[in-house]
Amino acid sequence: MKPQRRLFLAVARSITAACVISAVLTPHITAQATAQADPGPHSLPVQQPGASSGERLDPYAPWPTARLRVRVIDGRTLQPLPGAEVVLVETEQRLRTGANGYTPWFDAPVIRNPRFRPLVAELHGQLTVIAYKNGYRDSIHMGIRTHEGLDSQATVWMYKIGPEDRRIEPVLYQEPYHHLWLIELVDRFRRNSQLGEGWQDPNR
Amino acid sequence: MSKFRVFVSAAVALGIISPTAAYAAPTVDNTQEPATIRVAIRENNPNGEPDPRGRIVWVQSVPFYEYCQDVLPNEWMPSWHAESLKAGAIAIKMFAWYHHLHPITIDGFTFDVDNTTNFQTFRYLSRQPVTDRAVASIRRYAYVKPNGEIIELNYRAGIPNDPNWQYRNAQKMAQWGSQYWAQRGRNYIQILQFYYEQRALRQVQT
């Protein structure tokens, strides 16, 4: 094969690979395009991670998605904050809140923590968003719960920067784990000889 | 006769016999649905989660149905079957209603429920569309004794993929059990009937 032809083939192959990778890694492009549209039917899960413990985690397979919207409110007045920018950390989707403080509905991935996946499948996925708005502290909100095929919403509290504020740093809120899953987690690793609080007694 | 009356009034005066409490048990017929509920917010533990043994920081008044909406996604799993969520919504509502009728005072704070598993897990503004629909769908109903008396409907997590008969024996609903029965085609009334015996579904006065 001539060197020019070989070079051409190599370039064509790398362009194809780049297109595939960008399609996988930049779902926010498609998400932003759909975010403005009316909420449509639920998107079906593409891949169900953690369905069986023998299944290997493939980081390049597309995640299942679910619709999500984020509401941003002033943490002190509890009034909606329009014009805040909300970034979904996992996919870098960027959305802006409307007059009612809500972002449009958008497709967000359902990501379960791979640390626990083969041991105890988490009952919901978790996401992180950051909210930015001029005059307010940046707010990080971790552990937003998402479920396949289910609409979810989350509320981010933002705090106004006042004249007395000196050291201005982000505010973190971490949603706690669902207590039903915590009960499953401890029961999964409990030994018969180590009851601890024991299996739940219905009479208590 | 007069001797007996004198004896009884003397016994009452001396505190030997307490006069019979002349109040009617709160029923759905003589009690209005609560408009708001007082939620004691307990101190967070170092991980940032409300601590069931923590100090009470303040008492928040929450509209009654907003309270139910902000409890259901934290007690039941929003991805569960709709009938399971409805059964959960009834249990949460009746638990809260009962405790609204029986407030307590701790450390100078008077409240109906707190925001931890001492009562029901409550996170302000954590409501989700699917659980809101479950709360709205049971809004006209109450699950009470056949005479209408409002009682506490208790529930516990239970065991996944199991009917949880032991919770029926204890007259508590198993949360996982409600999902088990809903997946097998039972509706929320049948689920409630399975776990709580001798109860009736009644319409609430509006």
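Laboratory data are not the source of any read-out in this text; all were calculated from the coordinates shown. Small disclaimer: the values here were computed from a predicted structure and weren't measured. Because the Cβ atoms are built from the backbone with ideal geometry, glycine has one as well, and the counts that use them run over all protein chains shown.
Some notes on this structure:
- Filter result for B:Gly185 (at positive phi, in contact with a strand residue (DSSP E or B) (Cβ under 7 Å, 6 or more places away or on another chain) and away from chain A (no Cβ under 14 Å)): no
- Members of segment B:24-46 found to be polar (S, T, N, Q), away from chain A (no Cβ under 14 Å) and within 20 Å of B:Phe111 (Cα to Cα), listed by number: B:Thr31, B:Gln32, B:Thr36
- Members of segment B:146-163 that are under 27 Å from B:Asn118 (Cβ atoms) and without any contact (Cβ under 8 Å) to a residue 24 or more places away in the chain: B:Arg156, B:Ala157, B:Gly158, B:Ile159, B:Pro160, B:Asp162
- Residue match in segment B:71-85 (condition: within 21 Å of B:Leu192 (Cβ to Cβ), without any contact (Cβ under 8 Å) to a residue 60 or more places away in the chain and under 12 Å from the mean Cα position of the chain (by Cα)): yes
One line per residue, one yes/no per condition, for (1) within 12 Å of chain A (Cβ to nearest Cβ); (2) in contact (Cβ under 8 Å) with a residue 40 or more places away in the chain; (3) part of a helix (DSSP H, G or I):
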| site | (1), (2), (3) |
| --- | --- |
| B:Thr110 | no, yes, no |
| B:Gln120 | yes, yes, no |
| B:Arg123 | yes, yes, no |
| B:Asp132 | yes, yes, yes |
| B:Arg139 | no, yes, no |
| B:Gln166 | yes, no, yes |
| B:Gly177 | yes, no, yes |
| B:Tyr180 | no, no, yes |
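- Taking segment B:143-164 as the range and being facing chain A (nearest Cβ under 10 Å) and of a type in the set (Lys, Arg) as the test, only B:Arg156 passes.
- Within segment B:47-70, being free of Cβ contacts under 8 Å to residues at least 40 places away in the same chain and within 11 Å of chain A (Cβ to nearest Cβ) holds for B:Asn47, B:Gly48, B:Glu49.
- Taking the criterion of being more than 14 Å from chain B (Cβ to nearest Cβ) and among the basic types (Lys, Arg), the only residue of segment A:134-155 that qualifies is A:Arg137.
- Scan of segment A:156-204 for residues that are surrounded by fewer than 11 Cβ atoms within 10 Å (Cβ to Cβ), of a type in the set (Asp, Glu) and more than 11 Å from every other protein chain (Cβ to nearest Cβ), ordered by number: A:Glu164, A:Glu169, A:Glu197
- The condition of being surrounded by 18 or more Cβ atoms within 10 Å (Cβ to Cβ), within 11 Å of chain B (Cβ to nearest Cβ) and in contact (Cβ under 8 Å) with a residue 40 or more places away in the chain does not hold for A:Leu127.
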